[in-house]
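Novice: Below you'll find the structure I mean.
The values are calculated or read from the model by the stated rules, or taken from the named source; none is laboratory data. All values derive from a computational prediction rather than experimental measurement. Cβ atoms come from the backbone with ideal geometry, glycine included; neighbour counts cover every protein chain shown.
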Amino acid sequence: MKYLCLDMAINTAYPIIPLQKEFTENECLFKETDDDFIWDAAPWLFNLNQKDFYTFITDPLITFHHNLIIESSENITFLRQHLQQFLYVQDNGQTYYYRFWDARVLLKELPTYTEEKLNQFFNNYIQAVYLEDGNKDQLLKLSLNKRQLLNIEKIGRSNLFAPVAEIADQINEQQTQKTNYPNVQQPNAPVKKRRFWAD
């Protein structure tokens, strides 16, 4: 499954309405934390259900900058709970947000991780993370190789969802050839202030 991780602090809260309508399985990363009340400037997870996120939104008022797409075989609640262990860092007795959900931060930080820290982040729960790299037709794919080292490769943005669609088309074509049935449409608290540890 592929999940969009979107930072509402960067992209404003406006996109959340159409996204929640289209991708009904969604959870705030701050859910069940001390910052649960910060829903409108928080990172959110959306289960994309194999839909091509990049061709979904056409409203010019909606921006999607510095987001992540996470590939995971886990359900959305499990993934949220796994990611929540990385939300905060302690430094000199102060608590800061560790803004890994910002693609710029993650791309800077992951290559510095030790093997142990990489395994803690991916931990067999995350197969890959996809980031924007400034090229509108291209993404960076971050994953662990067989030696459990970080691997970064460039992939075409259209390839992220295309194979799934092609497989579905092939299955539908095979079923049509076998049955020759006509197509039938199925029914369808006080506010806490925190600073950022990584900008």
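Novice: Can you spot a residue in region 15-25 that is assigned to a loop (DSSP other than H, G, I, E, B) and closer than 17 Å to GLU71 by Cβ?
Specialist: yes
Novice: Do you know which residues across region 52-92 are part of a loop (DSSP other than H, G, I, E, B) and either crowded, with 17+ Cβ neighbours inside 10 Å or at pLDDT 90 or above (or both)? First the steps, then the outcome.
Specialist: Within region 52-92, the subset part of a loop (DSSP other than H, G, I, E, B) is 52, 56-67, 73-75, 85-87, 92.
Across region 52-92, the qualifying residues are PHE64, HIS66, ASN67, SER73, GLU74, ASN75, GLN85, PHE86, LEU87.
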